[in-house]
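First comes the structure, then the notes that go with it.
The values are calculated or read from the model by the stated rules, or taken from the named source; none is laboratory data. This is a predicted model, so every value here is computed, not measured. Heads up, the Cβs are rebuilt from the backbone with ideal geometry, glycines too, and the neighbour counts pull from every protein chain shown. When the accessible area is computed, the model is the full protein with side chains, heavy atoms only, and any ligands, DNA or RNA have been set aside. Shrake-Rupley method; radii C 1.70, N 1.55, O 1.52, S 1.80 Å.
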Amino acid sequence: MTDLLNRTDRDITRAASLLRAGELVAFGTETVYGLGADAQNSSAVAAIFEAKGRPHFNPLICHYATPDAAFTHVQANPIAEKLADTFWPGPLTLVLPRRVTCPVALLAGAGLDTLAIRVPAHPIAQRLIAALGRPIAAPSANRSGRISPTTAAHVLAQLESRIAAVIDSGPCRVGVESTVLDLSGPTPFLLRPGGVSLESLQASIGEVRLGLTPGQAEAPRTLRSPGLLVSHYAPVLPLRINVTTLTPDEALLAFGPPLAGAGLIYQLSETENLNEAATRLFDGLHWLDEQGAALSLRGIAAMAVPRHALGLAINDRLERAAAGR
Ligand code: TXA
Ligand code: MG
């Protein structure tokens, strides 16, 4: 059984003591729900990989209460400090070289000499890290390869009885995962588009190298972010993207005025607002998958979404969800 906890101080204290005892607790962040373990406890970290069915070569993000706490475990540089000042707490993850003294379990970083760090903005995440008094290692709280959760119900649908507890933290505000930026090389490198747009990163630090879009991977860097190799975010029903016509047995993920002919529609954003569409993306995929299967539909068709601002992250998730099916 998985306990459903609330936002009371008593429940946060209970969640922190579960983590201290090496148990797994899912909790809300502003991006998606995370599946948390005490980052310094290797058997707890191992249990994350077990519960998710996640390959051990795919490293986890460590969540800290403050930038200062994060930078005691990695070697920061002026760009990292500038980004931390501008975007933390918030949906940005930085990959930096581990310090030799870093006490985070090696398994959390999949044995790499870098560590991904993030200071989340969500009050539940903040309170939980503070109550534990140590960083929390947390991937998204879904089974490996499946759709990320943006509500406690999504978490329970995939991980019920595999984890000790989930804290009902409400729906996630951003809705897509954090932007992952590798700062361990000479030029900042975008490993995953996410909740902080590429445009705002460029406005803050200038040049950002790109390249890791599905099907266009750069070998050495792909090996440095192994999670990006696999197809991901996949609903059970097959997904077609950038559609302009529908077949009769498809459900529609609409963006703006819906295509004609769909029996089952989930609207990402009537007004074509990319922030709203990002917030609703995973809920839409979860919902169409469930309802579509109940109606014996054969697939999900997604309308095109523009590739700027949060549209870059939305397209990345849709392309991965459609890949290799
Ligand atoms: O918004 C988010 O980032 C959520 C919330 C819970 O914080 N977490 C999340 O974790 O999306 P996950 O495990 O689903 O995705 C983390 C990504 C993976 O693609 C992983 O390969 C990459 O970050 N990553 C982690 N550590 C890395 C490292 N040291 N070097 C390169 N990539 C790394
Ligand atoms: Mg994930």
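Share of carbon and sulfur in the accessible area of the chain stands at 54%, probe radius 1.4 Å. Binning the C-alpha pair distances of the stretch 4-86 at 10 Å intervals from 0 yields a P(r) profile of 15, 40, 33, 12, 0 %, listed from the shortest bin outward. Measuring spread by the Cα atoms of the chain yields a radius of gyration and Dmax of 19.0, 60 Å.
The length gained on full extension between Thr244 and Leu259, counted as 0.36 nm times the residue separation minus their Cα-Cα distance, comes to 4.7 nm. Modelled this way, with points 7 Å down the Cα-to-C-beta line, the labels at Thr86 and Asn275 are 1.8 nm from one another. Going by alpha carbons, how many degrees (0 to 90, nearest 10) lie between the helix axis of 9-20 and the longest principal axis of the chain? On a 0 to 90 degree scale, this one is about 70.
The long axis of helix 123-132 is offset from the longest Cα principal axis of the chain by roughly 30 degrees.
Estimated purely from DSSP H runs of n ≥ 4, each contributing -39500 (n - 2.57), the mean residue ellipticity at 222 nm for the chain is -9500 deg cm²/dmol once divided by its residues.
Placing Asp168, Asp38 in order of accessible area, with the largest value first and a 1.4 Å probe, yields Asp168, Asp38. Cα centroid separation, the stretch 58-110 to the stretch 293-317: 31 Å. Taking the C-alpha atoms only, the angle from helix 311-322 to the longest principal axis of the chain is near 70 degrees. For the stretch 270-320, the gyration tensor built on C-alpha atoms gives a prolate shape. Its axis ratio a/c (a ≥ b ≥ c) is at least 1.5, and a/b is the larger of a/b and b/c.
Which three semi-axes in whole Å describe the equivalent ellipsoid of the stretch 108-161, each the square root of 5 times a Cα gyration tensor eigenvalue, listed largest first?
On the way: eigenvalues 92, 62, 19 Å².
Rounded to whole Å, the semi-axes are 21, 18, 10.
Averaged per residue, the chain has 40 square angstrom of accessible surface, using a 1.4 angstrom probe with ligands and nucleic acids left out.
Using +1 on the beta carbon of Lys and Arg, -1 on that of Asp and Glu, and nothing else charged, what's the dipole of the chain about the Cα centre, debye to 20?
Numbers: 27 positive and 28 negative charges, 125 e Å.
Magnitude of the dipole: close to 600 debye.
Over the stretch 226-323, the hull volume per residue, using the convex hull of the C-alpha atoms, is 87 Å³.
Which shape class, rounded, prolate or oblate, goes with the stretch 128-189 when its Cα gyration tensor gives a ≥ b ≥ c as root eigenvalues, a/c under 1.5 marks rounded, and past that a/b bigger than b/c marks prolate? Prolate is the answer for the stretch 128-189, as a/c is 1.5 or above and a/b outweighs b/c. log10 I(q)/I(0), Debye, Cα-only the stretch 66-194, no solvent, q = 0.13, 0.14, 0.19 Å⁻¹? Reported log10 I(q)/I(0), two decimals: -0.58, -0.68, -1.23. Taking a ≥ b ≥ c as the square roots of the eigenvalues of the Cα gyration tensor, an a/c ratio of 1.5 or more together with a/b no larger than b/c marks the stretch 77-130 as oblate.
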